[in-house]
Amino acid sequence: MRNHLKIGPFTLPIPAIEAGLAGYSDMAMRVTARRRGCPYAVTEALLDRVIITGGRGREKGLVLSDDDHPVAGQLLGSEAEEMAAAAKILKEYGFDVVDLNFACPVKKVMGRCRGGYLLSDPQQAIAIMRRVRDAIGGPLTLKLRRGLDDSMQAAEQFEQIFDEAERLEFAAIAVHGRTVEQKYTGKADWDFLRRLKARKPNMTVLGSGDVFCAVDALRMYETTGVDGVWIARGAIGNPWIFAEFEALLNGQSLPPPPGIFAQRAALLEHFQLAVDIYGDELASRQMRKMGIKYSRLHPDGAAVWRDFIAVKSQSDWDRVLASYYASDGPGRPQTSISDAADIYNSCSSAGAAA
Ligand SMILES: Cc1cc2nc3c(=O)[nH]c(=O)nc-3n(C[C@H](O)[C@H](O)[C@H](O)COP(=O)(O)O)c2cc1C
């Protein structure tokens, strides 16, 4: 039996959300997915100081559109006052929910006592949660990993933060089933998610880790008992994953993968939305990495991938579409991602958070 996923005042038709993904989950990616069945999305981690002081990239990170709701703005920071001030600004800009990131494993972020570092400093994490709660009320959500590392101390620290979020009436907690120390190595521990949800039945738990296709999403949902699935790498270049998950939830068989014309329509839409945020020139660069991910669904994926990599301008982009997407045909199913580490590395080296 499927329950609706509730996040604060929002009841979602399917128990899935599009993850925060640094360098990816901008308004363009979110809206392209929403038009294909994604019910809720999270921004990439936004640095509180950038939100407050108007640093580089601020406005692009804050772009929303009317069909981009409900949406959570995710914050990264180390000081309670700054996080609270940034949270207020997110609400003023129209974000429906504020999400606090205590999960990011990137060295630069950890070194500045942000993201996953806060899992090792529950006192500071709790001070931030309380101050943000006082500043905006809610709805608030939290992104955690299953601990800093595999030690007993890390398990206790996770518990303290989780329990305080429950006391403060956070609307949901997303948990990535890897430790911060693990970064992206090894497998996400779904059994941790299962045990967590069994111990904390009253908190809305979103499970994250190794959800690369709709079948993975269903498997996580059914085997762990989490309230919803946080779809991350599996949604990059595959906005259809939400509708596919819905079909499986309804007991239907997996729909055929999107055909080439459906892929082209999504690529064109995604590109146009990216132009709205970044302008023509920057949009081509942003879309190059998106195109690379979309190529996985193309029957001639390797060639499309190679040509998307070389895109430097809109005319290069148009050429790839004209070469590979001009006639219709069946798409290739997405089952797994072999270059997951590459996605992550290319993004974090560009200063992004995770
Ligand atoms: C390129 C990349 C960027 C990410 N950026 C964020 C981020 O900004 N905020 C966040 O909460 N998680 C971020 N994550 C973590 C994902 O949301 C997710 O928890 C993680 O990838 C595990 O899920 P998956 O194995 O299904 O991809 C990022 C992950 C990747 C690969």
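The values are calculated or read from the model by the stated rules, or taken from the named source; none is laboratory data. Just so we're clear, the structure is a prediction, and the values are computed from it rather than from any experiment. FYI the Cβ positions are ideal-geometry reconstructions off the backbone, even for glycines, and counts take in every protein chain you see.
Here are some notes:
- Listed by first and then second residue, the pairs linking a residue in the stretch 68-92 that is under 13 Å from Leu142 (Cβ atoms) to a residue that is polar (S, T, N, Q), with Cβ atoms under 8 Å apart and 6 or more places separating them unless they lie on different chains, are Ala72/Thr43; Ala72/Thr141; Gln74/Thr43; Gln74/Asn101; Leu75/Asn101; Leu76/Asn101.
- Pairs with Cβ under 8 Å, 6+ apart, first in the stretch 270-292 and outside the structural domain of Gly61 (by TED's automatic domain parsing) and free of Cβ contacts under 8 Å to residues at least 60 places away in the same chain, second polar (S, T, N, Q) and not in a helix (DSSP H, G or I): Glu281/Ser313; Ser284/Ser313
- Number of positions in the stretch 274-305 that are in contact with a His (Cβ under 8 Å, 6 or more places away or on another chain) and β-branched (Val, Ile, Thr): 1
- Checked across the stretch 166-180, the condition of being assigned by TED's automatic domain parsing to the domain that holds Ile136, touching a strand residue (DSSP E or B) at 6+ places or on another chain (Cβ under 6 Å), closer than 25 Å to Pro239 by Cβ and away from the ligand (no atom under 12 Å from the Cβ) holds for at least one residue.
- Subset of the stretch 139-154 (residues that are on the phi < 0 side of the Ramachandran plot and either crowded, with 16+ Cβ neighbours inside 10 Å or in contact with a strand residue (DSSP E or B) (Cβ under 7 Å, 6 or more places away or on another chain) (or both)): Pro139, Leu140, Thr141, Leu142, Lys143, Leu144, Arg145, Arg146, Leu148, Ala154
- Of all residues in the stretch 6-22, those satisfying the criterion of being out of contact with any His (no Cβ under 6 Å at 6 or more places or on another chain) and surrounded by fewer than 22 Cβ atoms within 10 Å (Cβ to Cβ) are Lys6, Gly8, Pro9, Phe10, Leu12, Pro13.
- The set of residues in the stretch 49-80 being more than 23 Å from Ile231 (Cβ to Cβ), within 15 Å of the ligand (Cβ to nearest atom) and of a type in the set (Gly, Ala, Ser) consists of Gly57, Gly77.
- Per-region count, the stretch 114-134, residues within 12 Å of the ligand (Cβ to nearest atom) and not in a loop (DSSP other than H, G, I, E, B): 2
- Condition check for Ala243: more than 15 Å from the ligand (Cβ to nearest atom), under 19 Å from Ile14 (Cβ atoms) and of a type outside the set (Asp, Glu): yes
- Search result, residues across the stretch 194-216 that are near the ligand (Cβ under 9 Å from one of its atoms) and touching a residue at least 40 places away in the same chain (Cβ under 8 Å): Ser208, Phe212
- Failed item, numbered, when Ser327 is tested on (1) among the hydroxyl-bearing types (Ser, Thr, Tyr); (2) under 23 Å from the mean Cα position of the chain (by Cα); (3) at pLDDT 95 or above; (4) outside any helix (DSSP H, G or I): (2)
- When Gly138, Gly111 are screened for being of a type outside the set (A, V, I, L, M, F, W, C), more than 14 Å from the ligand (Cβ to nearest atom) and either modelled with pLDDT under 95 or not assigned by TED's automatic domain parsing to the domain that holds Arg233 (or both), only Gly138 passes.
- Single residue of the stretch 206-228 satisfying the filter (crowded, with 22+ Cβ neighbours inside 10 Å and of a type in the set (A, V, I, L, M)) that is farthest from Phe162 (Cα to Cα): Ala214
- In the stretch 15-48, residue nearest to Gln263 (Cα to Cα) [restricted to those that are in contact with a helix residue (DSSP H, G or I) (Cβ under 7 Å, 6 or more places away or on another chain), in a helix (DSSP H, G or I) and away from the ligand (no atom under 16 Å from the Cβ)]: Thr32
- Checked against the criteria, Ala188 counts as within 12 Å of the ligand (Cβ to nearest atom) and either of a type in the set (Gly, Ala, Ser) or buried (at least 19 other Cβ atoms within 10 Å of the Cβ) (or both).
- Residues (over 17 Å from Tyr24 (Cα atoms), assigned to a helix (DSSP H, G or I) and not aromatic (Phe, Trp, Tyr)) located in the stretch 226-257: Ala243, Glu244, Glu246, Ala247, Leu248, Leu249
- Any chance Val229 is over 22 Å from Gly329 (Cα atoms), within 16 Å of the ligand (Cβ to nearest atom) and not aromatic (Phe, Trp, Tyr): yes
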